[in-house]
Every structure is written in structure tokens, then in C-alpha cells.
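Chemist: Supplied in C-alpha cells, the structure appears directly below.
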Amino acid sequence: MMNNESEMKSMDANRYATKKTIAQGMLDIALLTANASQLKYILQVGEQHQFYKLMLILISLSIFLQLLVGIFFVIIGSLNINRKNEQTAAIIMNDVILVTIFIISIVNVIISGFGMEYSSQPLRLIDRGEKEP
């Protein structure tokens, strides 16, 4: 009888959900750190950056959404999915978190596409017809 009870404890869905939430939270912190670094860079470069306003808006949006997801993680982490009345809330919160993380991913792909390096000068191709000095 004791063996069956320890088996049930090892298969606790709440424990799995909590570990999953912690892992997602750690990834969120890593991305938040990267965005904070990008924000610092874009503020240092200022309007010299070709896409200053766009980058400022996208990075700020990403940071805001990440903070929102962090709050959602705290809320979903406090739910007990073994209780029927909390299961629906957990499912809805999980879906909201999933959609928000998808949006954060898209925003960060766009941020990467516009690049964080100084980009006010377009790439110039070397004219092969010119003589070298």
C-alpha cells in the first residue's frame, strides 16, 4: 500500500506543472536580460541608429510582454490543477501564456532582423572597375 502511494506522489501533475513553469520562467529571464542589453545599446547609440524608434518600440514591447508573462507564471503557479474549479483557469492561463510567448518570439525575430549593430551606413559593394591607390 505504501508503494502505491509513493507512485502517485511521483506522478503528481502539479509537480510537473511547477517544474515546467520554473523552466519557462528561467528562459524568460534569459530573454529579458538580452532585451535589457539591447535596450541599453539602442539608448546609447540614440537616433544615430537607422531604426532607433522602431527598435525602441519593439524592445520595450518585448520587455513589457515578458513582464506580463512573468505575472501570469506567478498566477498559474499558484493554481492547484487537481481541483476541478482551478483546472479551467489553468488551461485558459496556459493558452494565454502560449499566445503571449509566441508574440514575444515574433517581436524578437523582428528585432534580430533589424540588427543591433550600428547600421546607419548601408553596405557598399566595392566597384571592381576602380583602380586601387
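Chemist: So for the range 99-116 (the condition being modelled with pLDDT under 90, farther than 22 Å from ASN35 by Cβ, out of contact with any strand residue (DSSP E or B) (no Cβ under 9 Å at 6 or more places or on another chain) and loosely packed, with under 11 Cβ neighbours inside 10 Å), does at least one residue qualify?
Modeler: The answer is no; no qualifying residue exists.
Chemist: A further question on this structure: Would you be able to say whether some residue in the range 25-34 is within 13 Å of THR100 (Cβ to Cβ), out of contact with any Pro (no Cβ under 8 Å at 6 or more places or on another chain) and surrounded by 12 or more Cβ atoms within 10 Å (Cβ to Cβ)? Steps first, answer last, please.
Modeler: Step one: of the range 25-34, the residues within 13 Å of THR100 (Cβ to Cβ) are 28, 31.
From what is left, the residues that are out of contact with any Pro (no Cβ under 8 Å at 6 or more places or on another chain) are 28, 31.
With surrounded by 12 or more Cβ atoms within 10 Å (Cβ to Cβ) added as a condition, the list becomes 28, 31.
Among the residues of the range 25-34, at least one is within 13 Å of THR100 (Cβ to Cβ), out of contact with any Pro (no Cβ under 8 Å at 6 or more places or on another chain) and surrounded by 12 or more Cβ atoms within 10 Å (Cβ to Cβ), which makes the answer yes.
For (1) modelled with pLDDT of 90 or more; (2) touching a Lys or Arg at 6+ places or on another chain (Cβ under 9 Å); (3) loosely packed, with under 14 Cβ neighbours inside 10 Å; (4) under 30 Å from VAL45 (Cα atoms), each residue gets a yes or a no:
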residue	(1), (2), (3), (4)
THR88	no, no, yes, no
ASN94	no, no, no, no
ILE97	yes, no, no, no
SER120	no, no, yes, yes
PRO133	no, no, yes, no
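The values are calculated or read from the model by the stated rules, or taken from the named source; none is laboratory data. For clarity, every value in this text was computed on a predicted model and none was experimentally measured. Note: ideal-geometry Cβ built from the backbone for every residue, glycine included; neighbour counts use all protein chains shown.
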